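Undergrad: First the structure, then my questions, so here it is.
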Amino acid sequence: MNVIELSKRLPRVHLIAAGTGALALGVALLMPSQEVAANKSQVTLELKAPEGSAPQLPLQPSPASTGETVPAAAGSFASLTPALPEDSVVTPEAHTPVTATVEATPEPAKEEWLRIEVRAGDNLTTLFKKAGLGANELYPMLNSIESPKALGRLKPGEFLDFVIEEGELRKLRHEKSPLVSTLVTKEDGKYRLEEVERQPEARAIYRSGTIESSLFLAGEEAGLSQGKIMELATLFGWDVDFALDIRKGDSFALIYEELFLDGKKIGDGEILAAEFTNQGKRFRTIRYTDSNGRSDYYTPEGDSMRKAFLRTPVDFARVSSRFNPNRLHPIHGTRRPHRGVDYAAATGTPIKSAGDGKVIHAGRKGGYGKTVVIQHGQAYSTLYAHMSRIKPGLRRGSRVRQGQLIGYVGSTGNSTGPHLHYEFRVNGVHRNPLTVDLPKAAPLPKKERANFEPLARDLLAQLETQAQTQLASQ
Ligand SMILES: [Zn+2]
């Protein structure tokens with residue numbers, strides 16, 4: 001990975017921010033939790049429609065998602081079950097489709113929402129008072145919702161929204177974040193609490209640049225965030241050494257998502273496709289989410305962009321002791337081979353799994369101290385020793401993905417100071433992790449090709465078209 005080398009090239013001021021981005025990036029790029037993003041590539045393609053702003057999920061008409069249809073639903077349900085005795089009639093709540101809460105539109109046409117800002121010292125009682133509601137409205141609600149805590153902690157600057165009809169509370173909403181709020185609805189004297197999640201709208205955007213002095217400056221000029229620049233460098237970092245190989249005139253182009261909520265940009269989404277031309281050689285990549293919901297980046301031919309192993313399982317660390325079969329042991333003074341590489345890093349520095357695999361040891365292991373050993377397929381295994389802490393929940397049998405956090409640098413076992421001792425074995429034989437030939441990660445399986453190919457064609461065509469449009473407009 002060339003993230004470290006890249007950050008050396010960045011202006012000093014940016015080092016910290018870029019470093020943070022890189023750490024987060026390692027996780028974001030390589031971790032498995034991409035289900036949310038799973039639909040995005042497909043969805044975003046639809047965004048290419050002339051309007052360019054189709055919502056990500058089919059929007060329910062706003063009344064349907066705000067509970068207004070509940071009486072109707074209850075009515076129709078009742079009409080279907082006239083013969084049921086009273087006590088077996090299922091309450092309307094039970095039949096409110098869960099999907100109705102997925103995309104809630106907070107401002108339906110008819111309802112009047114009263115917004116009260118939370119100030120220091122406020123609590124539900126004072127806020128209800130400000131809304132003109134008394135304890136006789138507050139306590140029945142608190143008593144009947146299962147977990148009043150789910151309403152969330154109220155912080156100054158946040159808002160509580162009320163719908164009040166004829167002096168009675170109908171709805172109460174607490175916005176925990178732009179994407180998540182808690183909604184209490186009162187119907188027929190009953191209260192229902194639900195978490196309402198909103199999906200940001202993803203819009204695909206094209207950006208490109210040519211390097212004059214550094215990727216970082218060119219990226220900034222092209223309007224990329226530091227995070228996106230690091231992400232781009234990481235994507236191509238397997239093929240291009242961003243510390244040594246970059247030349248003036250190298251260029252990049254990418255299509256990625258920007259996320260909007262109520263017309264306001266709230267952040268960046270994933271890179272969908274990108275290309276990097278280094279010294280005349282062009283590299284291209286496409287993000288693809290397979291049928292298991294797992295996302296990764298592939299070449300247009302469907303090969304993985306990655307190697308099967310990270311060269312270095314810790315960021316921002318320096319090699320403090322190399323692989324050396326004839327080393328003198330620092331503590332015992334005897335000739336003892338050093339069968340791995342030591343990376344000096346601060347206690348608590350995250351350690352990542354070098355590759356996809358299965359944990360075969362997680363716990364203390366003699367002089368190694370707290371140690372994780374991971375088996376990668378038949379031939380390979382990696383070992384991470386002297387950890388201060390193994391990631392909670394990680395145990396023998398756990399599956400891990402490349403780049404996933406497995407523990408933290410420490411100095412447990414026979415160790416003179418905080419460092420990671422890292423071993424790489426091929427068919428049981430210790431190899432030098434710094435020089436061993438790393439195999440390519442697995443290509444896209446055959447059964448995924450039918451879905452991948454049209455997506456790749458489309459995205460690559462868009463990269464081309466956008467580049468030409470830009471040329472024409474210059
Ligand atoms: Zn060591």
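Undergrad: Could you count how many residues in region 235-255 are closer than 19 Å to R306 by Cβ and not hydrophobic (A, V, I, L, M, F, W, C)?
TA: The total comes to 4.
Undergrad: Could you identify the single residue in R339, R322, R327, R399 that is within 10 Å of the ligand (Cβ to nearest atom) and closer than 26 Å to T234 by Cβ?
TA: Numbers: R339 fails: closer than 26 Å to T234 by Cβ; R327 fails: closer than 26 Å to T234 by Cβ; R399 fails: within 10 Å of the ligand (Cβ to nearest atom).
Sole residue among the options that is within 10 Å of the ligand (Cβ to nearest atom) and closer than 26 Å to T234 by Cβ: R322.
Undergrad: Looking at region 362-392 only, could you name the residues that are within 15 Å of the ligand (Cβ to nearest atom) and either in a loop (DSSP other than H, G, I, E, B) or more than 19 Å from R431 (Cα to Cα) (or both)?
TA: Filtering region 362-392 for residues within 15 Å of the ligand (Cβ to nearest atom) gives 365-373, 382-387.
Once the filter is applied, which keeps residues that are within 15 Å of the ligand (Cβ to nearest atom) and either in a loop (DSSP other than H, G, I, E, B) or more than 19 Å from R431 (Cα to Cα) (or both), region 362-392 yields K365, G366, G367, G369, K370, H386, M387.
Undergrad: Shifting gears a bit: Filtering region 236-255 down to residues that are in contact with a helix residue (DSSP H, G or I) (Cβ under 9 Å, 6 or more places away or on another chain) and at pLDDT 95 or above, which residue is farthest from L272 (Cα to Cα)? Walk me through how you get there before you give the answer.
TA: We begin by selecting, within region 236-255, every residue in contact with a helix residue (DSSP H, G or I) (Cβ under 9 Å, 6 or more places away or on another chain); these are 237, 240-244, 246, 250-255.
Remaining after also requiring at pLDDT 95 or above: 250-255.
Values: D250: 21, S251: 17, F252: 14, A253: 11, L254: 8, I255: 6 Å.
Only one residue fits best here, namely D250.
Undergrad: Identify the residue in region 402-415 that is modelled with pLDDT of 95 or more and away from the ligand (no atom under 16 Å from the Cβ) and, among all such residues, is nearest to A441 (Cα to Cα).
TA: Top of the filtered list is Q404.
Undergrad: Could you tell me how many of the residues in region 388-422 are within 19 Å of T312 (Cα to Cα) and touching a helix residue (DSSP H, G or I) at 6+ places or on another chain (Cβ under 9 Å)?
TA: Qualifying residue count, region 388-422: 6.
Undergrad: Here's another thing I want to ask about it. Within the group P350, P300, P325, P392, which residue is modelled with pLDDT under 95 and either over 27 Å from the mean Cα position of the chain (by Cα) or not hydrophobic (A, V, I, L, M, F, W, C) (or both)?
TA: On the way: P350 fails: modelled with pLDDT under 95; P300 fails: modelled with pLDDT under 95; P392 fails: modelled with pLDDT under 95.
Of the residues listed, the single one that is modelled with pLDDT under 95 and either over 27 Å from the mean Cα position of the chain (by Cα) or not hydrophobic (A, V, I, L, M, F, W, C) (or both) is P325.
Undergrad: If I go through region 342-361 residue by residue, how many of them are of a type in the set (A, V, I, L, M), in a loop (DSSP other than H, G, I, E, B), within 16 Å of the ligand (Cβ to nearest atom) and surrounded by fewer than 23 Cβ atoms within 10 Å (Cβ to Cβ)?
TA: Applying the first criterion (of a type in the set (A, V, I, L, M)) to region 342-361 yields 344-346, 351, 354, 359-360.
Then drop every residue that is not in a loop (DSSP other than H, G, I, E, B), which leaves 345-346, 354.
Then keep just the ones that are within 16 Å of the ligand (Cβ to nearest atom); that gives 345, 354.
Next, only the ones that are surrounded by fewer than 23 Cβ atoms within 10 Å (Cβ to Cβ) stay: 345.
Qualifying residue count, region 342-361: 1.
Undergrad: Does T334 count as within 30 Å of A385 (Cβ to Cβ), of a type in the set (V, I, T), under 22 Å from the mean Cα position of the chain (by Cα) and within 16 Å of the ligand (Cβ to nearest atom)?
TA: Values: within 30 Å of A385 (Cβ to Cβ): yes; of a type in the set (V, I, T): yes; under 22 Å from the mean Cα position of the chain (by Cα): no; within 16 Å of the ligand (Cβ to nearest atom): yes.
Answer is no for this residue.
Undergrad: Right, another one. Being assigned to a helix (DSSP H, G or I) and away from the ligand (no atom under 12 Å from the Cβ), is that true of even one residue in region 439-447?
TA: Step one: of region 439-447, the residues assigned to a helix (DSSP H, G or I) are 446-447.
Within this subset, residues satisfying the condition of being away from the ligand (no atom under 12 Å from the Cβ) are 446-447.
Yes, region 439-447 contains at least one residue that is assigned to a helix (DSSP H, G or I) and away from the ligand (no atom under 12 Å from the Cβ).
Undergrad: Please enumerate the residues belonging to region 117-169 that are assigned to a loop (DSSP other than H, G, I, E, B), charged (D, E, K, R) and over 17 Å from T185 (Cβ atoms). Don't jump to the end; show me each part of the working.
TA: Kept after step one, since they are assigned to a loop (DSSP other than H, G, I, E, B), are these residues of region 117-169: 118-123, 131-134, 145-147, 152-158, 166-167.
Right, trim to charged (D, E, K, R) and you get 119, 122, 146, 153, 155, 158, 166.
Once the filter is applied, which keeps residues that are assigned to a loop (DSSP other than H, G, I, E, B), charged (D, E, K, R) and over 17 Å from T185 (Cβ atoms), region 117-169 yields R119, D122, R153, K155, E158.
Undergrad: Hey, among the residues in region 416-429 that are farther than 12 Å from Y343 by Cα and assigned to a loop (DSSP other than H, G, I, E, B), which one's nearest to the ligand (Cβ to nearest atom)? Lay out the reasoning, then the answer.
TA: Here is the first cut: in region 416-429, the residues farther than 12 Å from Y343 by Cα are 416, 424-429.
If we keep only those that are assigned to a loop (DSSP other than H, G, I, E, B) as well, we get 416, 427-428.
Numbers: T416: 10, N427: 21, G428: 19 Å.
Top of the filtered list is T416.
Residues are listed down the side, and each one gets a yes or a no for (1) at negative phi; (2) of a type outside the set (A, V, I, L, M, F, W, C); (3) without any contact (Cβ under 8 Å) to a residue 60 or more places away in the chain:
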{"position": "R339", "(1), (2), (3)": "yes, yes, no"}
{"position": "D342", "(1), (2), (3)": "yes, yes, no"}
{"position": "G348", "(1), (2), (3)": "no, yes, no"}
{"position": "I351", "(1), (2), (3)": "yes, no, no"}
{"position": "V359", "(1), (2), (3)": "yes, no, yes"}
{"position": "A362", "(1), (2), (3)": "yes, no, yes"}
{"position": "G367", "(1), (2), (3)": "yes, yes, yes"}
{"position": "I374", "(1), (2), (3)": "yes, no, yes"}
{"position": "A379", "(1), (2), (3)": "yes, no, yes"}
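Undergrad: In addition: Restricting attention to region 183-191, does a residue exist that is within 30 Å of R306 (Cα to Cα), touching a residue at least 60 places away in the same chain (Cβ under 8 Å) and touching a helix residue (DSSP H, G or I) at 6+ places or on another chain (Cβ under 7 Å)? Spell out the reasoning first.
TA: Initially, region 183-191 is screened for residues within 30 Å of R306 (Cα to Cα), giving none.
The answer is no; no qualifying residue exists.
Undergrad: If you don't mind, there's one more thing I want to ask. I'd like the full set of residues that are closer than 18 Å to A308 by Cα and over 26 Å from the mean Cα position of the chain (by Cα), limited to region 398-428.
TA: Y422, E423, F424, R425, V426, N427, G428 - these are the residues of region 398-428 that are closer than 18 Å to A308 by Cα and over 26 Å from the mean Cα position of the chain (by Cα).
Undergrad: Taking the residues in region 200-251 that are assigned to a loop (DSSP other than H, G, I, E, B) and among the polar types (S, T, N, Q) as candidates, determine which candidate is surrounded by the most Cβ atoms within 10 Å (Cβ to Cβ). Break it down stepwise before answering.
TA: Here is the first cut: in region 200-251, the ones assigned to a loop (DSSP other than H, G, I, E, B) are 200, 211-214, 222-225, 237-250.
Subset that is among the polar types (S, T, N, Q): 213-214, 225.
Details: S213: 10, S214: 17, S225: 15.
Only one residue tops the list, namely S214.
The values are calculated or read from the model by the stated rules, or taken from the named source; none is laboratory data. Computed from a prediction, not measured in an experiment: that's the story for all the values here. For neighbour counting, all protein chains shown are included, and Cβ atoms are generated from backbone atoms with ideal geometry for every residue, glycine included.
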